[in-house]
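The values are calculated or read from the model by the stated rules, or taken from the named source; none is laboratory data. Because the structure is predicted, anything quoted here is derived from the model rather than measured. As a convention, Cβ positions derive from the backbone with ideal geometry for all residues, glycine included, and neighbour counts pool all protein chains shown.
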Amino acid sequence: MSFGYYAFKISGGLFKLIYNLNYYTNFSSILTYIVSPVINLKKNYLRIKCIPYIQDNHKITTTLVYFRNLSPLRKEIHSKKLIYGINENNIKNTWKIYEQETKHKPKIGDIIEVNYIVPYEKLNPQYHFTHTPYTVTYVYPSNIKFPPYDLETLRSYHTSNCYKNGVLFANYKDKDVTEETIKLAGPLGNFYSDLPTRYGIRITRNLLIDDSSEDSKADLIITNNDGEDYRFTANNILKI
């Protein structure tokens, strides 16, 4: 007899034993009660492992900061360079830090892309906090004001019962770019359009699509929570 045969017979016997135990003693409920703490512990471990940042629940924190050479004064655009050593404490000096690091001066229209995380309270009773990622971009030579919104305002807005517009879907040709667009739309889902221009924040289509390529004539289509479609062509500022 082969090993597979004996394994099949043993597994069948175990199944029959568990069935009989469950019939007379509600064995499956007891087993679930014993095993569930281990399963929940593993879930929490995997959740923590998947978050690569030590997050502060009491402030908005930066994760990655990039320089985007999107100035119309450049011949070649759309490259992206990570700037090291930038955080929420020194971010206002990003233009200077980039110039010192690369020995190149930014041109008018270049962009600093800041990826950051907002901690929201009590949205998930199990974890108490949920950390939501967003992206904001500042155009050279503006002064960088970060964060764009204070934490108290965002938490109040997030937990309020007021209607919240935002990005429902976003696509370019046959490509789904919803996730990236939601991050660019910011915490209020409006691409920071409520903020004054002196903040230097500008969210343009070429942050998602390389408008310098020959194959970039199709519209970027964004559908908001009301089901209304907005179409954006090359170099358009995003706003819904």
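Within segment 167-215, the only residue that satisfies the criterion of being assigned to a strand (DSSP E or B), hydroxyl-bearing (Ser, Thr, Tyr) and under 18 Å from the mean Cα position of the chain (by Cα) is 204.
Of the listed requirements (1) among the β-branched types (Val, Ile, Thr); (2) buried (at least 16 other Cβ atoms within 10 Å of the Cβ); (3) farther than 27 Å from residue 72 by Cα, residue 159 misses just one: (2). Selection of segment 71-89 for residues being modelled with pLDDT of 90 or more and in contact with a Leu (Cβ under 8 Å, 6 or more places away or on another chain) yields only 82.
Residues are listed down the side, and each one gets a yes or a no for (1) within 22 Å of residue 200 (Cβ to Cβ); (2) in contact with a Phe, Trp or Tyr (Cβ under 8 Å, 6 or more places away or on another chain):
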position	(1), (2)
119	no, yes
134	yes, yes
139	yes, no
146	yes, yes
151	yes, no
156	no, no
174	no, no
180	yes, no
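Restricting to segment 77-101, count the residues that are among the acidic types (Asp, Glu) and either in contact (Cβ under 8 Å) with a residue 24 or more places away in the chain or not assigned by TED's automatic domain parsing to the domain that holds residue 133 (or both). Selection size over segment 77-101: 1.
Return the residues of segment 216-240 that are part of a loop (DSSP other than H, G, I, E, B) and in contact with a helix residue (DSSP H, G or I) (Cβ under 7 Å, 6 or more places away or on another chain); say none if nothing qualifies. Across segment 216-240, the qualifying residues are 234, 235, 236, 238.
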